[in-house]
Amino acid sequence: MLADQAGVIVFDILPEGSVIDSAVLARLVTERTWTDRRLGSNAAISAPNDRLWLATGNNLRTGGDMASRTVWVRLDPDMPHPEARTGFSIPNLDTWILDPANQSRVLWHLLVLVLDWTAHGAPSSTSVPEMRQFTRWAQQLGGLLEHHGIGPFLANTGDNRDLDDDAAEWRVFLMRWHELHGDRHLSANELRRTAKGFAGSDPWDGTFPTTGSGQLLSVKSLGRRLTGQIGRWRGDVVLRSVTNPHNHGRSYWVEHRPAETRSSQTPERNLANPQTAGTAG
């Protein structure tokens with residue numbers, strides 16, 4: 001796809017409620033250059049990753065690291081049969097835009113908007129949220145829109161976090177963990193024992209991580225999952241860990257820090273969402 005001349009690549013009409021969760025896709029929408037093996041050979045190729053990647057569907061959601069790499073556009077016609085709408089300013093837009101004369105007309109207007117913005121010093125927006133390494137892009141695009149009275153750009157970022165199923169599940173689990181055990185340090189084995197062998201009610205209220213078939217994870221699998229969550233904020237809760245220097249075993253606990261308390265911490269306590277350079281966006 002990167003070898004083609006198309007500027008936009010679309011995953012069109014995904015099944016309703018699909019969860020977009022792919023480590024490869026997270027890298028793909030982030031890295032400036034993509035290197036991979038050419039199909040049918042052992043030769044590696046590198047290509048500029050200058051595409052716009054889009055996905056369409058009804059009530060899509062995100063998982064993993066995709067949420068913070070995503071800009072959401074929600075279309076709500078607010079009517080039962082949107083396909084029956086009439087009275088558009090430009091009827092049959094999909095065919096209208098294929099006319100080269102119309103394409104030139106649209107491009108001319110866009111360039112006028114950009115030139116007017118740059119003539120006024122190309123002001124950047126100061127209200128857009130941080131967006132990993134895309135922050136500068138968001139500030140400039142938000143500034144262009146605000147200059148022309150359109151905005152606020154990315155104002156739905158907070159709502160979009162609720163569409164991250166992975167983060168939501170971990171937050172519910174960590175909150176229940178904190179309710180049950182406070183800041184008590186537990187090994188993966190001790191934690192697993194709190195979720196097994198109960199007759200009747202489940203103290204975890206169904207929030208404890210399980211396999212695809214609903215069985216409890218093994219101690220080793222649970223430990224691996226917990227280790228992958230250390231230091232990653234899920235709302236106002238975060239999993240912490242310490243290693244025993246004698247047996248090198250890990251113990252875990254949950255820190256609950258309400259947003260107003262966390263925002264008052266000094267910059268030196270920058271513990272939120274540490275990631276390696278390979279996964280940070």
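The values are calculated or read from the model by the stated rules, or taken from the named source; none is laboratory data. None of the values given here were measured: they were computed from a predicted structure. We place every Cβ from the backbone using ideal geometry, glycine too, and count neighbours over all the protein chains shown. Areas reflect the complete protein model, heavy atoms only, side chains present, ligands, DNA and RNA absent. Shrake-Rupley method; radii C 1.70, N 1.55, O 1.52, S 1.80 Å.
Within the range 50-73, if we keep just the residues that are among the polar types (S, T, N, Q) and either at pLDDT below 90 or touching a Leu at 6+ places or on another chain (Cβ under 8 Å) (or both), the residue that is surrounded by the most Cβ atoms within 10 Å (Cβ to Cβ) turns out to be T62. I want to confirm something. Restricting to the range 160-190 and keeping residues that are at pLDDT 85 or above and charged (D, E, K, R), which single residue is least open to solvent (accessible area, probe 1.4 Å)? Only one residue fits best here, namely R176.
Which pairs do you get when a residue that is touching a residue at least 40 places away in the same chain (Cβ under 8 Å), found in the range 159-180, comes within reach of a residue that is among the small types (G, A, S) and assigned to a helix (DSSP H, G or I), reach meaning Cβ atoms under 6 angstrom, with the pair 6+ apart or on two chains? Partner pairs satisfying both residue conditions: D164/A67.
Pairs are defined by a Cβ separation below 8 Å, a sequence spacing of at least 6 or placement on different chains, a first member in the range 63-81 that is under 19 Å from V29 (Cβ atoms), and a second member that is modelled with pLDDT under 85 and of a type in the set (S, T, Y); the pairs so defined are D65/T279. May I ask you to list the residues in the range 111-129 that are surrounded by fewer than 11 Cβ atoms within 10 Å (Cβ to Cβ) and either over 20 Å from A155 (Cβ atoms) or among the acidic types (D, E) (or both)? If the condition is that a residue be surrounded by fewer than 11 Cβ atoms within 10 Å (Cβ to Cβ) and either over 20 Å from A155 (Cβ atoms) or among the acidic types (D, E) (or both), then L111, V112, L115, A119, H120, G121 are the ones that fit. Considering only residues of the range 140-159 that are within 19 Å of the chain's Cα centre (by Cα) and buried (at least 18 other Cβ atoms within 10 Å of the Cβ), which is farthest from L60 (Cα to Cα)? Checking each candidate, the answer is F153. Scanning the range 11-24 for residues that are of a type in the set (A, V, I, L, M) and open to solvent by less than 70 Å² (accessible area, probe 1.4 Å), which turns out nearest to L163 (Cα to Cα)? Per the stated criteria, the residue is I20.
Scanning the range 191-206 for residues that are farther than 15 Å from S218 by Cβ and either more than 29 Å from the chain's Cα centre (by Cα) or modelled with pLDDT under 90 (or both) yields T194, G197, F198, A199, G200, S201, D202, P203. Taken as a whole, the condition of being part of a helix (DSSP H, G or I), open to solvent by 90 Å² or more (accessible area, probe 1.4 Å), within 26 Å of W53 (Cβ to Cβ) and among the acidic types (D, E) does not apply to D76.
Looking across the range 53-73, the residues that are under 17 Å from L14 (Cα atoms) and either basic (K, R) or in a strand (DSSP E or B) (or both) come down to W53, L54, A55, T56, G57, R61, T62.
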